[in-house]
1. For the pair residue 6/residue 66, report the inter-label distance in nm, with labels modelled 7 Å from Cα in the Cβ direction.
2. Please give every one of the lysines within straight-line cross-link reach of residue 91, meaning a C-alpha to C-alpha distance under 27 Å, and leave out same-chain neighbours fewer than 8 residues apart.
3. For every helix of n ≥ 4 consecutive DSSP H residues, a contribution of -39,500 (n - 2.57) applies; sum these over the chain, divide by its total residues, and give [θ] at 222 nm rounded to the nearest 500 deg cm²/dmol.
4. Could you pull out every residue, at least 5 positions away or on a different chain, whose amide H is within less than 5 Å of the one on residue 7? Hs are placed 1.01 Å off N in the peptide plane, and Pro or chain starts have none.
5. Of 23, 47, 12, which is farthest along the charge dipole of region 7-73 in the positive direction, counting Lys and Arg as +1 and Asp and Glu as -1 at C-beta?
6. Rounded to the nearest 20 debye, what is the charge dipole size of the chain about its Cα centre when +1 sits on each Lys and Arg Cβ and -1 on each Asp and Glu Cβ?
7. Give the cysteines in the chain for which no other Cys Cβ lies under 4.7 Å away, or write none if there are none.
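Computed from the coordinates by the stated procedures, all read-outs in this text should not be read as laboratory data. The structure displayed is predicted, hence computed values, not measured ones. Don't worry about glycine lacking a Cβ; one is built from the backbone with ideal geometry, like all the others, and counts go over all protein chains shown.
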Amino acid sequence: MSSSVRTCPVPGCHASLGTTRNGNPYLMCPRHYAKLDNAARLKIWRAFGSWQRLERKYLSTLPTLRPPALLEARALAIRTYIDVRDDCVRKASEGEIEQLQVAL
Ligand SMILES: [Zn+2]
């Protein structure tokens with residue numbers, strides 16, 4: 001296991017993230033994850049899962065034997081995951097941004 005402490009990706013939230021029962025890292029702290037609807041939760045876990053599958057394939061292939069299609073698929077999966085995650089971060093922090101604007 002990596003020793004680096006992962007924190008919630010929502011800006012201003014510094015909650016550290018643990019690991020789920022099946023060994024996956026939590027993608028957001030419980031408070032922000034609770035704000036996502038089921039469709040968003042399904043989308044972020046699906047994007048994370050396909051990235052992880054490609055990552056395992058990538059790591060189990062010798063660098064000189066990695067086919068370009070694998071490198072492209074992995075890069076695309078990472079981009080997709082980041083897009084989906086950014087979308088979820090927006091959804092999870094919606095109320096907070098409004099509160100901030102009201103305060104300003
Ligand atoms: Zn959070």
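1. The two pseudo-label positions are separated by 2.0 nm.
2. 35, 43
3. Helix-only estimate at 222 nm: -19500 deg cm²/dmol.
4. Close amide H contacts, sequence-distant or interchain: 17.
5. Farthest towards the positive pole: 23.
6. Numbers: 16 positive and 9 negative charges, 103 e Å.
With only Lys, Arg, Asp and Glu charged at Cβ, the dipole is about 500 debye.
7. Lacking a cysteine Cβ partner under 4.7 Å: 88.
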